[in-house]
Amino acid sequence: MASLKTTATAIIGVTIALATGLVGLWCVFTDLGPSEFMAGRISILVLAYLVGAGLVGALLPRRWYVASVAAWGPVLFGILGLVAKLSRGGPMLRWSFLIETLLMIPAACLMFGFGGSWLRRRLSNGTGATA
């Protein structure tokens with residue numbers, strides 16, 4: 001029975017990571033609406049990754065690094081941008097966009113996943129529960 005619980009928890013964690021990656025892909029891929037600001041878009045992105053990767057870290061505290069899967073959307077878009085940049089060679093994309101999508105978002109996922117793991121372990125220390 002414990003194996004079934006562990007498997008179900010892992011499936012839920014990966015599902016949350018994939019859904020968070022979809023939100024990230026939406027935030028990076030779509031244009032801003034007429035009444036939307038970049039600060040609002042960045043806030044949505046940070047909040048989505050804070051909650052999504054944090055939940056993955058809390059659900060899978062010993063495997064908190066699985067939270068990096070949540071970055072699949074922006075990383076996929078960043079890889080496509082990098083391939084286009086290298087094949088064209090011109091000033092098509094800003095390098096800062098590639099740094100954001102290929103480095104900063106995955107690093108944030110790892111940080112938020114570790115934070116969720118740390119929080120779960122800290123909260124479960126007093127109760128005697130094992131993670």
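Just so it is clear, none of the values below were taken in a lab; they were calculated from the coordinates. Predicted, not measured: the structure shown is a model, and the values here were computed from it. Cβ: placed from backbone, ideal geometry, glycine included. Neighbour counts: every protein chain shown.
How big is the dipole moment of the chain about its Cα centre under a simple scheme where the beta carbon of each Lys and Arg is +1, that of each Asp and Glu is -1, and everything else is neutral? Debye, nearest 20, please.
Values: 10 positive and 3 negative charges, 88 e Å.
Dipole size: approximately 420 debye.
Ignoring solvent entirely, what values of log10 I(q)/I(0) come out of the Debye formula for segment 1-61 at 0.13, 0.16, 0.22, 0.23 Å⁻¹ when each Cα is a single scatterer?
-0.43, -0.57, -0.83, -0.88
When only DSSP loop residues count, what chymotrypsin sites (Phe, Trp or Tyr not before Pro) in segment 25-112 have their Cβ near at most 14 other Cβ atoms within 10 Å?
F37
Give a residue-ordered list of calculated ³J(HN,Hα) values for segment 32-43 (Karplus: 6.51 cos²θ - 1.76 cosθ + 1.60, θ = phi - 60°; whole Hz; x for Gly, Pro).
My calculation for segment 32-43 gives 6, x, x, 10, 9, 10, 4, 4, x, 5, 5, 5 Hz in order.
DSSP loop trypsin sites (Lys or Arg not before Pro) in segment 1-68 with at most 15 other Cβ atoms within 10 Å of their Cβ, which ones?
Nothing satisfies the criteria.
With unit charges on the beta carbons (Lys and Arg positive, Asp and Glu negative) and the dipole taken about the Cα centre of the chain, which residue among L4, G115, G57 sits farthest to the positive side?
It is L4, whose Cα lies furthest towards the positive end.
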